[in-house]
Amino acid sequence: PIYFNFDKSNIREDAKYELENIVTVMRNHPEMVIKIESHTDSRGSNNYNRSLSDRRAKSTRDYLYTRGIEENRIESAIGFGEDNLLNKCNDANRYKCTAKEHQLNRRSYFYIVNGTEKVKVEGQ
């Protein structure tokens, strides 16, 4: 995954480094098609978080486009808001969680949806 700052959808410097691994793999495997799913922490309303996660997904997708990945190689870029939290930091616990715990939920994931070869991404 790549991670986002609170209430932001811009690509952080550490995320650019990770995204370059995705770019390299996709360049080395021209048949590969991916989808992007983005998420938020539980702070903010459900509607706002859905919108924010959608901006994160589109920002992630657009970064890959700027690096030369063709549009037809990204099947979708969808935000899921706070629907898929990775920990107990839900609406009931949002004020009890640490910043580090919330950070785990502010992410974009990448899924390979087409490509027959097994691929190992550096660092994974």
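The values are calculated or read from the model by the stated rules, or taken from the named source; none is laboratory data. Quick caveat, the model's predicted, so the values are computed rather than measured. With ideal geometry, Cβ positions are generated from the backbone for all residues, glycine too; neighbour counts draw on all protein chains shown. These accessible areas exclude ligands, DNA and RNA; they are computed on the full protein's heavy atoms, side chains included. Shrake-Rupley method; radii C 1.70, N 1.55, O 1.52, S 1.80 Å.
Between Leu104 and Arg55, 0.36 nm times their residue separation minus their Cα-Cα distance comes to what?
15.9 nm
Expressed as an acute angle from 0 to 90° and rounded to the nearest 10, what is the orientation of the C-alpha long axis of helix 13-28 relative to the principal long axis of the chain?
It is inclined by approximately 30 degrees.
May I ask for the angle, rounded to the nearest 10°, between helix 46-66 and the longest principal axis of the chain, with both axes built from Cα atoms and the value confined to 0 to 90°?
The angle comes out at about 20 degrees.
Restricting to lysine pairs 8 or more places apart or on different chains, what number in the chain have Cα atoms under 21 Å apart?
Final tally of qualifying lysine pairs is 13.
Could you compute the longest span of the chain free of GluC sites (Glu not before Pro) located in DSSP loops and having at most 12 other Cβ atoms within 10 Å, not counting the site residues?
Counting at most 12 other Cβ atoms within 10 Å as exposed, the longest clean stretch of the chain is 71-116.
Once the Cα atoms of the stretch 1-78 are picked out, what are the Rg and Dmax in Å?
Both quantities, over Cα of the stretch 1-78: 12.8, 40 Å.
Roll a 1.4 angstrom probe over the protein heavy atoms and tell me the percent of accessible area of the chain that is carbon or sulfur.
Roughly 49 percent of what the probe reaches on the chain is carbon or sulfur.
If r is the Cβ-Cβ distance from Thr66 to Phe6 and R0 is 30 Å, what FRET efficiency results, to the nearest 0.05?
0.80
Express the accessible area of the chain per residue in Å², computed with a 1.4 Å probe while the remaining protein chains stay in the model.
Normalised by residue count, the accessible surface of the chain is 57 Å².
Tabulate in residue order the Karplus-calculated ³J(HN,Hα) for the stretch 109-115, using 6.51 cos²θ - 1.76 cosθ + 1.60 with θ = phi - 60°, rounded to whole Hz; enter x for Gly and Pro.
Couplings: 10, 10, 10, 7, 10, 8, x Hz.
Once phi is turned into θ = phi - 60°, what whole-Hz ³J(HN,Hα) does the Karplus curve with 6.51, -1.76 and 1.60 give for every residue of the stretch 83-100, x standing for Gly and Pro?
Rounded to whole hertz, the list is 5, 10, 5, 8, 8, 7, 7, 8, 4, 5, 10, 4, 8, 9, 8, 7, 4, 5.
Which residues' amide hydrogens lie under 5 Å from the amide hydrogen of Gly79, considering only partners 5 or more residues apart or on another chain, with H built in the peptide plane?
The list, which skips near neighbours in sequence, is Ser38, Asp54.
What percent do you get for the relative contact order of the stretch 1-98 when only Cα pairs under 8 Å and 6+ apart count?
33 percent
With every protein chain in place, what's the accessible area of Lys88 (1.4 Å probe, Å², nearest 10)?
110 Å²
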